[in-house]
Amino acid sequence: MLNIILFGPPGAGKGTQSAKLIEKYNLTHLSTGDVFRFNIKNETDLGVLAKSFIDKGELVPDEVTNDMVADFLDQNFNDNGFIFDGYPRTIQQADALAKMLDDKNTTISLMVALEVEEDELVKRLLERGKTSGRADDQSEDTIRNRFRVYQEETAPLAMHYSDLGKYRGVHGMGSVDEIFVRLSHCLDIVSETGE
Ligand code: ADP
């Protein structure tokens with residue numbers, strides 16, 4: 001199986017690249033942000049709870065997020081593998097994911113991180129906010145808070161996977177296709193060597 005964590009700050013292009021990668025490698029896309037937004041739209045209990053955190057630019061609590069991912073994996077298991085987009089975002093989530101995959105006799109193959117400068121990210125998110133209808137993309141304060149949370153809670157995951165020998169950084173500026181080529185290269189290496 002090819003289990004890839006597509007990593008990077010808000011606005012780095014994870015959603016765009018995930019869509020291309022799942023097609024090329026026959027993987028299943030799990031975007032925790034998308035699953036939360038689906039629940040918000042349908043006004044489920046999970047959606048109401050998640051919205052109260054997301055609109056402030058905060059993380060949804062680990063336990064809630066981990067339970068949601070466990071359900072997703074049970075219901076959508078794909079023998080080819082997964083792209084995890086926006087998950088894990090904390091060390092606790094990384095530990096939970098390791099256990100979930102271990103229970104299914106598999107493991108994370110690689111974390112690939114899109115590296116983009118913060119000024120470019122703010123620009124992209126404000127631009128997306130004009131058309132996406134996402135409340136969390138419309139205020140610069142909320143966006144800055146998401147970066148703060150990212151730096152404090154999520155960025156340390158890079159070191160976590162690096163210590164496991166499972167981390168590759170990819171330059172995230174350039175055209176969508178250029179970045180896709182860089183990511184594909186990383187996935188090709190890991191799928192060939194089974195590293
Ligand atoms: P982005 O990466 O552009 O901020 P996402 O769609 O990945 O967008 O996430 C939107 C919001 O959903 C996050 O700011 C956070 O509040 C919540 N969220 C998404 N994934 C997680 C997660 N793994 N743990 C906790 N909260 C999450």
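As a proxy for reagent exposure, Val69, Val48, Val64 were ordered by neighbouring Cβ count within 10 angstrom, fewest first; the result is Val48, Val64, Val69. Across every pair of non-identical alpha carbons in region 4-193, the mean reciprocal distance, once inverted, gives a Kirkwood radius of 17.0 Å.
Available extension along the chain between Asn80 and Thr193 is 39.1 nm, counting 0.36 nm per residue and deducting the alpha carbon span. Within 10 Å of each candidate Cβ there may be at most 16 other Cβ atoms; applying that plus a DSSP loop requirement, which GluC sites (Glu not before Pro) in region 1-84 survive? Passing sites in region 1-84 are Glu43, Glu58. With neighbour counts taken as other beta-carbon atoms within 10 Å, the residues Asp103, Asp137 rank, fewest first, as Asp103, Asp137.
Modelled spin-label separation between Met159 and Leu126, with each label point placed 7 Å from Cα along the Cα-to-Cβ direction: 3.2 nm. Under a cut-off of 16 Å between alpha-carbon atoms, report the lysines in cross-link reach of Lys41, not counting same-chain residues fewer than 8 places apart. Answer for Lys41, where 16 Å is the Cα cut-off: Lys51, listed by chain and number.
Each of Ile189, Ile4, Ile143 was scored by other Cβ atoms within 10 Å of its Cβ. Listed from fewest to most, they are Ile189, Ile143, Ile4. The mean sequence distance of close C-alpha pairs (under 8 Å, at least 6 residues apart), as a share of the length of the chain, puts its relative contact order at 32 percent.
Only the coordinates and a few stated rules stand behind these numbers; no lab work does. Remember, predicted model here, so these are calculated numbers, not experimental data. Because the Cβ atoms are built from the backbone with ideal geometry, glycine has one as well, and the counts that use them run over all protein chains shown.
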